[in-house]
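Please read through the structure below; I'll follow up with questions.
Read-outs: derived from the displayed coordinates by stated rules, not from any lab. Keep in mind that this is a model prediction, so the values were computed, not measured. We place every Cβ from the backbone using ideal geometry, glycine too, and count neighbours over all the protein chains shown.
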Amino acid sequence: MSAYILEPIDLATLALAAVKDGGVTVRNPVTHKVRELFAQEAVLTLALQNVESVEARYPKHGEAGGLLNCDLGEFYWECQNAVREEPLGLRPHELIRLCDEYHYQSCETRDYYTSDAYWLVTSIKNEATRVLVGAVAMRAAA
C-alpha cells in the first residue's frame with residue numbers, strides 16, 4: 001500500500017460536510033468521548049490523522065513521510081484556510097468516495113479505529129449513504 005496526504009480542499013470538504021449549524025458532535029463509542037467540533041477543529045482533526053498515518057507508513061522519511069512541499073505548520077494553515085473557501089459541493093456518492101479515500105490514506109496508525117477522525121469520517125459517510133438511499137427510494141416510489 002502507498003499512502004499520501006490528501007489535499008487541503010478535500011480535508012476541508014469533509015470537515016464542512018460534517019459541520020451543520022456551526023458545529024458537529026463527534027461520538028466515539030470506543031473511548032466514550034463526546035466532542036463538539038467546529039469546522040477549524042474538524043479539519044485539523046482530519047489533517048493530523050492523515051499526516052500521522054503517512055508518518056507511520058513511511059517512518060524513515062521525516063515529517064509527513066517526506067510528502068509535503070512545505071512544513072507542517074503551513075500545511076495545517078492551508079487546511080484551515082480551505083475551510084473558509086467554497087466547499088466542493090459533492091453529491092452523496094462523491095462524498096462517500098472521498099470518505100473511503102480518507103479512510104484508506106489515514107488508517108496506518110494503531111489507534112485509527114479509536115480516533116475521533118475515524119468516527120468523524122464514519123458519521124459523514126453514514127449521513128451521505130442515508131441521503132443517497134433516501135433519493136433512490138424516492139425514485140423507486142415515483
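Could you please find all residues in the stretch 59-80 being closer than 15 Å to A47 by Cβ and exposed (fewer than 13 other Cβ atoms within 10 Å of the Cβ)?
Hits for the stretch 59-80 are C70, D71, G73, E74.
In this structure, is A56 in contact (Cβ under 8 Å) with a residue 60 or more places away in the chain and closer than 18 Å to T114 by Cβ?
No, not satisfied.
Next question, about the same structure. Hey, any hits in the stretch 39-55 for a residue that's surrounded by 13 or more Cβ atoms within 10 Å (Cβ to Cβ), farther than 23 Å from L16 by Cα and hydroxyl-bearing (S, T, Y)?
no
Taking E108, is it touching a Lys or Arg at 6+ places or on another chain (Cβ under 6 Å), in contact (Cβ under 8 Å) with a residue 24 or more places away in the chain and under 17 Å from S2 (Cα atoms)?
Values: touching a Lys or Arg at 6+ places or on another chain (Cβ under 6 Å): yes; in contact (Cβ under 8 Å) with a residue 24 or more places away in the chain: yes; under 17 Å from S2 (Cα atoms): yes.
Yes; evaluated as a whole, the condition is true for this residue.
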